[in-house]
1. Using DSSP to define loop residues, name the GluC sites (Glu not before Pro) in the stretch 139-204 whose beta-carbon has at most 11 other beta-carbon atoms within 10 Å.
2. Would you pull out the residues with amide H under 5 Å of Val51's amide H, same chain only if 5 or more places away, H placed 1.01 Å from N?
3. In the stretch 312-356, what is the volume of the convex hull around the alpha carbon atoms, normalised per residue and reported in Å³?
4. How about the stretch 104-142: which GluC sites (Glu not before Pro) there lie in a loop by DSSP and see at most 16 other Cβ atoms within 10 Å?
5. Put a dot 7 Å past each Cα toward the Cβ at Phe145 and Thr121; how far apart are the dots in nm?
6. Please work out the C-alpha center-to-center distance from the stretch 430-454 to the stretch 2-58 and express it in whole Å.
7. Using the eigenvalues of the Cα gyration tensor, what equivalent ellipsoid semi-axes result for the stretch 141-223 when each is taken as the square root of five times the eigenvalue, whole Å, largest first?
8. If you line up the Cα atoms of the chain on their principal axes, what length do they span on each, largest first, in Å?
Amino acid sequence: MTRSLWLDTTQGTARREATLPSTADVVVLGAGIAGMTTAYLLAETGRSVLVLEAREIGGGVSGNTTAKLTAQHELIYHRIGSAAPAYARSQLAALEWVVTTVARTGVECDLERVDSHVHTTDPARLPILREEVAAAVDAGLPADFVEKIDPPLDAVGAVRFRDQAQFHPRKWLLGLAELTEAAGGRIIEGVRATGLREGDPSIVRTTAGAVRAKDVVVATHYPVFDRGMFFARLEPTRDLVVAGPADREVTGTYLDETTHHSVRSVPTPNGPQVIVGGEHYRVGDHVDVEARFARLADWAREHVGLDEVRYRWSAHDMSTLDRVPYVGRYHPRASHLWVATGFGQWGMTGGTAAGLLLRDLVAGLDNEFTRLYDPNRFSLRAAGSLVSANATVAKFLAGDHVRALTKPGLANLAPGEAVVTRHGTSMVAAYRDDGGDLHTVGAHCTHLGCLVAFNNAERTWDCPCHGSRFDVDGQVVQGPAVRPLRAIPTKEEEAR
Ligand code: FES
């Protein structure tokens, strides 16, 4: 129903083992682009590296993206002021590292150099775009302003970054996995981290046992082991994506800075295929995701000639307060616990840049980007955002109880419908499947207790506070939660 083109066009791997090694120099949690890049680079230094992935390689955010490999991150350069040159250097270095590594190792990942564009359909926004061009050029980027783009997408002007790239992210990750193993690393899928005791060594507890490690790298998108207050410093959002054959070629990558519509192509032997993103929303908001998918498909038909929706999926992003990722020490006192998170929609270069930085940090080496990405940085501007982010969370902690109580009971649920409601003394999240069976679980997220909301396209319970997602039987689909929703068996007759 919702599976990305990247996951559907690559074979799953068989890296599942019953027993974990008891020790490693470095345990990397998460086999997305940040985790796999870090693992490969550290394995190449001769360390014993163990990667643990709860699902499958690239099965999380990295396999559910539009996979633009670019230093153009919306309109960030005019916003981050004096940090712009360092940010530009690190993101360009990440892009070039992928390009040169692909050339050196021969990993087949459909890598193509293309121009990247951020455009607007609003004439009043043109001065901002020109400001962005000036900031990007000052930061050393190959940027210019163009009045027209092709396809037109109703644009009245665009910022263009020349010679960026796009690729197939899962082919790249599977290639990195093989390179990591060739360098002596190990990757085990289907193992979820459940706890951590920091020390020398640290002990990582998992669903398959415990592992001791000198260094632990948490690259799980939203960091598990929330001891750095990340829940208050990250905002989860989702963009929907549709893909399929189209009646025209698209050359380059495109993003509308106001509507968030995003367009790129994918090479196929059978003709043009486009990937279109959009319908940006905050995870767990009470939105009709099915209706949003339909709206996005209509937009894609009209603007880029999409013939048929062959794939659809959602990209799940975490943004930091100042839009610069958090990469480095997990908390101010951490000496061997590392984190990489908060790439917004730009995880392909962001995750790669994180790997390049973490390689040096774990080795105790200087890196010019350490301060830029320091997860423990603080600024007054960020403090303002912190207040507003947490006000949103407070709304979901308190307000949703009222909303839930006004919903009807369970017995009247039709197939395909879901509800959060009170049942006895519990708040219950209930879903009736297409076969008529009722699935009931506790409605409080096991991370910090917000009430979940139903996502009717992916048939998941999504938490509005920090973005955890659960299947209809309560199993974790996406963290930060690591425990399933509480099981609440509810007999049909009791539901009446
Ligand atoms: Fe934090 Fe649900 S993800 S409370």
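1. Working: sites: Glu147, Glu178, Glu181, Glu189, Glu198; in loops: Glu147, Glu198.
Qualifying residues, ordered by number: Glu147.
2. It is Val28, Arg186, Ile187, Ile188, by chain and number.
3. On the way: hull volume 3.9 nm³, N = 45.
So the per-residue hull volume is 86 Å³.
4. Values: sites: Glu108, Glu112, Glu131, Glu132; in loops: Glu108.
Listed in order of number, the matching sites are Glu108.
5. Simple spin-label model gives 2.2 nm for this pair.
6. 30
7. Values: eigenvalues 371, 56, 35 Å².
Over the Cα atoms of the stretch 141-223, the ellipsoid semi-axes are 43, 17, 13 Å.
8. Taking the Cα atoms of the chain, the three principal extents are 66, 57, 50 Å.
The values are calculated or read from the model by the stated rules, or taken from the named source; none is laboratory data. In this text, all values refer to a predicted model and were calculated from it rather than measured experimentally. Positions of Cβ are backbone-derived with ideal geometry, glycine not excepted, and every protein chain shown enters the neighbour counts. Surface accessibility is based on the protein's heavy atoms, side chains included, excluding ligands, DNA and RNA. Shrake-Rupley method; radii C 1.70, N 1.55, O 1.52, S 1.80 Å.
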